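The values are calculated or read from the model by the stated rules, or taken from the named source; none is laboratory data. This is a predicted model, so every value here is computed, not measured. Neighbour counts are summed over all protein chains in view; Cβ atoms, including those assigned to glycine, are modelled from backbone coordinates with ideal geometry.
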Amino acid sequence: MYWQDSWSRSAICGFWPLALWFEPGAKHRSNNCRLCHGPHAGYRSSPLPDRQVHIGQNNGIIIVGGGLVGFSIAYGLVRLGLDCTLLDSSDTDFIAARGNFGLVWVQGKGAGFSTYADWTMRSSELWPTLCDELQDTTGHDLGLEQEGGIHICLSQEEYDDRKQKLDLLRSHQNGRFIYEMMDRQTLLELQPNLGPDVVGGSWCPSDGHVNPLFLLKSLHDAFLRHGGQVYSDAKVDDISHAKGVFTLTSRQGLFRAPRVVLSAGLGNRQLAPLVGLRQPLRPQKGQILVTQKTDRLIRHPMTLMRQTAEGSIMIGDSKEEVGFDISSTTDVMAQIASRAERTIPALKHQQIIRSWGALRVMSPDGYPVYDQSTTHPGAYAVTCHSGVTLAAAHAIDLAGDIAAGKLAHNLHEFTERRFDVSPD
């Protein structure tokens, strides 16, 4: 693979790698919205300190955060008839949704933590329902394909480690998790043109991929069509609670509602303590390369790469503990490109036209954090790094729990209290 001369400029100009065009909704309150205008279309929004908005006396909910997690929950709530307002931050903030890879992935997730494995499988099973709903509501094609996915192994050691991990996952899934370890020859039947370094890999029929940008667009549009309201450039700075009502102080004024859902990604670290919760989160950088459009080279999505419906190939799986640094770096990009070429040598002829870095939202153990405040009734905090895979479970199951006023029993293991357990 090789880079065009302008790749660095592309990386600097935005982590929003593919242009989206959104028709501004009648109830969308800002000209500075990446969903309607893009991050560089002009900044004309100004603070409105005198604005006061009251959302529903009984069924009103404010959702803080307009990434995939926030919009998935917000859509799930309005589809149940609740009065919802979503407050989004500025496009200059660190937003995980800008860099999503687009996998709907089951294999490997939750090995050793059966509740998370069950939750991931549940969401995978719900994805066709969510996709159909969004496409029927908005007319947007999400490009969902769930025909199986591959994890490539480039050595016998990788192959043995993978088998051990997936055997553990299958052991506590009661037969729900299906996978197959394939040798090189069997894998070539699924994915031709593999390089000589590929010794085999794992295959899971539940895996797939989706266009993450069209997913976010569809959630946004469906939320508005169900009566939701969105305020952009409305970063929340303070939250107070009195007489059963939350008051949120934001750049766009004061917002009041009896319930609030914090889904602001890394911003939850500062917001959660304001409602008696704790979200111990850290950023983890991942970098992605995007090739020019080409003929079909990849038949099934892989953990390292996937080919979009338009023909470009997205490549990347780096995990970097570098704080809030979002720069693209040549050393990591070279490692990503090298493994990709070892997997499919034909990629060496493809031109890299974009690259970017973005931040995952990581808890100490890497699993989601779902919590409900006991000191501030009606407040919830939600965090995860698998916003695409878990979008269906968030929109259908989690939103239903929040609407009912109580998180389901199967989510109790995801509270932040698990980090307080000390070894004997």
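The table below gives the values:
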| quantity | calculated |
| --- | --- |
| Hits in the stretch 332-361 (condition: of a type in the set (D, E, K, R) and either over 21 Å from the mean Cα position of the chain (by Cα) or at positive phi (or both)) | ARG339, GLU341, ARG342, LYS348 |
| From the options ASP325, ASP317, residue that is charged (D, E, K, R), farther than 25 Å from CYS153 by Cβ and under 20 Å from the mean Cα position of the chain (by Cα) | ASP325 |
| Qualifying strands (runs of 3 or more DSSP E) (wholly inside the stretch 170-231; at least 2 residues being within 30 Å of PRO345 (Cα to Cα) and modelled with pLDDT of 95 or more) | 180-183, 200-204 |
| Failed condition for VAL361, given (1) out of contact with any His (no Cβ under 6 Å at 6 or more places or on another chain); (2) crowded, with 24+ Cβ neighbours inside 10 Å | (1) |
| Selected residue (criterion: surrounded by the fewest Cβ atoms within 10 Å (Cβ to Cβ)) from residues of the stretch 376-385 that are modelled with pLDDT of 95 or more and under 20 Å from LEU281 (Cβ atoms) | HIS376 |
| Cβ pairs under 8 Å, 6+ apart, first in the stretch 235-263 and farther than 17 Å from SER90 by Cα, second charged (D, E, K, R) and buried (at least 17 other Cβ atoms within 10 Å of the Cβ) | VAL245/ARG256; PHE246/ARG256; PHE246/ARG259; THR247/ARG256 |
| Which listed residue is at pLDDT 65 or above and part of a loop (DSSP other than H, G, I, E, B), from GLY112, GLY38, GLY70 | GLY112 |
| Residue in the stretch 55-63 that is touching a Leu at 6+ places or on another chain (Cβ under 7 Å), closer than 20 Å to ILE239 by Cα and modelled with pLDDT under 85 present | yes |
| Candidates ALA379, ALA403, ALA393 - the one that is within 25 Å of PRO212 (Cα to Cα) and either aliphatic (A, V, I, L, M) or touching a helix residue (DSSP H, G or I) at 6+ places or on another chain (Cβ under 6 Å) (or both) | ALA393 |
| Qualifying position, being closer than 30 Å to VAL382 by Cβ and part of a strand (DSSP E or B), among GLY366, GLY357, GLY323 | GLY357 |
| Boolean, ALA403 is outside any strand (DSSP E or B) and more than 24 Å from the chain's Cα centre (by Cα) | no |
| Count of residues meeting criterion [outside any loop (DSSP other than H, G, I, E, B) and more than 21 Å from SER206 (Cα to Cα)] in the stretch 369-397 | 9 |
| Search result, residues across the stretch 277-309 that are in a loop (DSSP other than H, G, I, E, B), touching a strand residue (DSSP E or B) at 6+ places or on another chain (Cβ under 7 Å) and more than 29 Å from GLY143 (Cα to Cα) | LEU277, GLN279, LEU281 |
